[in-house]
Every structure is written in structure tokens, then in C-alpha cells.
Amino acid sequence: MRKVKNIPLVGNLIHGLWSSFVVSVGFVLYLLFGASGGPKYGLTNHFWPKAPFKTALFPKKWEKKVIASGLGVIAFFGLLCYWAKCTSPWVVMAVYGGPYLIHNAWLGIVTLLHHTDTDVPHLEGEEWNYVRGAFLTIDRPYYPIVDWVQHHIGSTHVLHHLNPRVPHYHAQEATEAIKKKWPDLYLFDPTPVHKALWRIASNCISVRKDEKKDMWVYDDPSIKAQPYEGDFPKRWA
């Protein structure tokens, strides 16, 4: 999707609102249709590893387990319907549906915030390796109560990609070590998350192939005059 011609503000606004909605329901769309899962796996369903969906995501030996998981989801949905019959649909939506939607929205928002920004490239081919990809994720501080509730996952997210085996109670300590060891690679954005979310949703509209390197960058006019130098973009200096 690109900006509405000659009306960039309207284009950004429309895209921002649409992206905010999509990211809020994105996890459900991913589970049902493989949305945003990439062309390698295509149209995929996490509850039915057979046609008409593609099956590349699941090894053959997982097939029965995936189907059993799907049946479990159907059974639980049946219990929710029975609960709604005994009480009312509004009770089920308030007690279960509302929290479920909030959980999914938060999962999508957190994923977007830590893997996307206007000046973070997406590498491919020889430009990509595990470490470079991990260092192109972003740490962001959330509001104090949120940081506490989610064990500082926002401000220690880069560590999660470098070494996911580090437990959360050592994550802050390990992140400080990463900052000191690789200050030129570590990415941290102090922008309040609600502002960062809107910047990403309204500006990360389309991508273009970099002219010199094997990577894709967001087609944002505000950063075209600042070509990438070295291995990584210069951010938030």
C-alpha cells in the first residue's frame, strides 16, 4: 500500500488506522491463514495441516498432533458456546472475549514495535546472518507498570534474539553487558511506545530494494537523503 497520491497526510492516516487494526487481530489471522508468515509457507492453517492449505510449515510427523490441537480448540469453542447458552453471549464476550482480544492486540503490537521501524532494514541473501538479524531488533522502554508486568521484555528484547535461553530475571543484567560490548550495534529507542507505534503504523507503508546492498528499506521520503553507511543504520544518536 502506498500513500494516496498528492495527499500524503490522508494516505498516512488511512494506512496508520488500517495497520493499527490489522496488527490488533494479526495473531488470529496468522493462526488461521498464515498471514505475514512469508511466501515460503504461504496459505497455512495452524489447526489443519492438510489441503486446501499448504503443509510446508509442519513436518509430516507433526500432522496428528496439529489435528489433535485443532480438535482441542474446537472443543473449547463448544464449551464457550455452551457457556453463552447458559448465561448470555454478552457475558462470554465480557469475561472471555474482551481479554482474549486485548491479549492478541498486545501480542501484535509488541511484535511490531520490536521488529519494525522506518529506518530498520530487512536483510536477505549474503547480507543476512543470525547475529546481524538479531541486532536489527529494537529495545523500547514501556510504561513502568507494563515493564514490571511483562518482566521488562520490551527493554531487553534484543537479548531475546541473541540468546533466548537467558532467563528473564537475568535479562536486564545481560542487556547492560550487550550495550557495553556492542554499543554501535545495539538499538534502543526511547520514544514513548504509543508515539513509536503510530510512527511505524503510519510511515512503514512500502519497501524498496537498496541500490547497493542486498536488503529492503522502507520507502520513507524523510530518510532517503540519509543512505545507510557501514553495516547498520545510524539511529537515535
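About its Cα centre, the chain has a charge dipole of approximately 740 debye under the convention of +1 per Lys or Arg Cβ and -1 per Asp or Glu Cβ, with nothing else charged. Karplus-based coupling profile of the range 40-53, in residue order and whole Hz: 4, 9, x, 6, 10, 10, 7, 10, 9, x, 9, 4, x, 8, with θ = phi - 60° in 6.51 cos²θ - 1.76 cosθ + 1.60 and x standing for Gly or Pro. Output the 0 to 90 degree angle, nearest 10, between the alpha-carbon long axis of helix 8-33 and the longest principal axis computed from the alpha carbons of the chain. Approximately 50 degrees, to the nearest ten.
Look at the dipole of the chain built from charges on Cβ: of Val28, Ala171, Trp128, the Cα furthest out on the positive end belongs to Val28.
So, for the chain, what is the accessible surface per residue at a probe of 1.4 Å, expressed in square angstrom? Don't jump to the answer; show the numbers that get you there.
On the way: 15280 Å² over 237 residues.
Per residue, the chain has an accessible area of 64 Å².
What aspartates and glutamates does Lys54 reach when the alpha-carbon gap must be under 13 Å and sequence neighbours fewer than 8 apart in one chain are set aside? The reachable aspartates and glutamates, counting only those whose Cα sits under 13 Å from Lys54, are Glu63.
Pairing the Cα long axis of helix 171-181 with the longest principal axis of the chain, what angle in degrees results, from 0 to 90 and rounded to the nearest 10? So the helix axis and the longest Cα principal axis differ by about 20 degrees.
Ligands, DNA and RNA left out, the accessible area of the chain computed with a 1.4 Å probe is 67% carbon and sulfur. Highest mean packing comes first when the peptides 19-31, 36-48 are listed by Cβ atoms within 10 Å, giving 19-31, 36-48. To the nearest 10 degrees, how steep is helix 63-86 against the longest Cα principal axis of the chain, on a 0 to 90 scale? The helix 63-86 is inclined about 60 degrees to the chain. In a reduced charge model with +1 at each Lys and Arg Cβ and -1 at each Asp and Glu Cβ, the range 20-108 shows a dipole moment near 420 debye about its Cα centre.
Order of 149-162, 167-180 by packing, highest average Cβ count within 10 Å first? Before the final figure, lay out the partial values.
Working: 149-162: 18.5, 167-180: 13.6.
Per-residue Cβ counts within 10 Å, averaged per peptide and sorted highest first, yield 149-162, 167-180.
Comparing His114, Val92, Ile74 along the charge dipole axis of the chain, the residue lying farthest to the positive side is Ile74, per the Cβ-charge model.
The values are calculated or read from the model by the stated rules, or taken from the named source; none is laboratory data. All values derive from a computational prediction rather than experimental measurement. No Cβ is skipped: glycine too gets one built from the backbone with ideal geometry, and neighbour counts run over all protein chains shown. Calculation scope for accessible area: heavy atoms of the full protein, side chains included, ligands and nucleic acids excluded. Shrake-Rupley method; radii C 1.70, N 1.55, O 1.52, S 1.80 Å.
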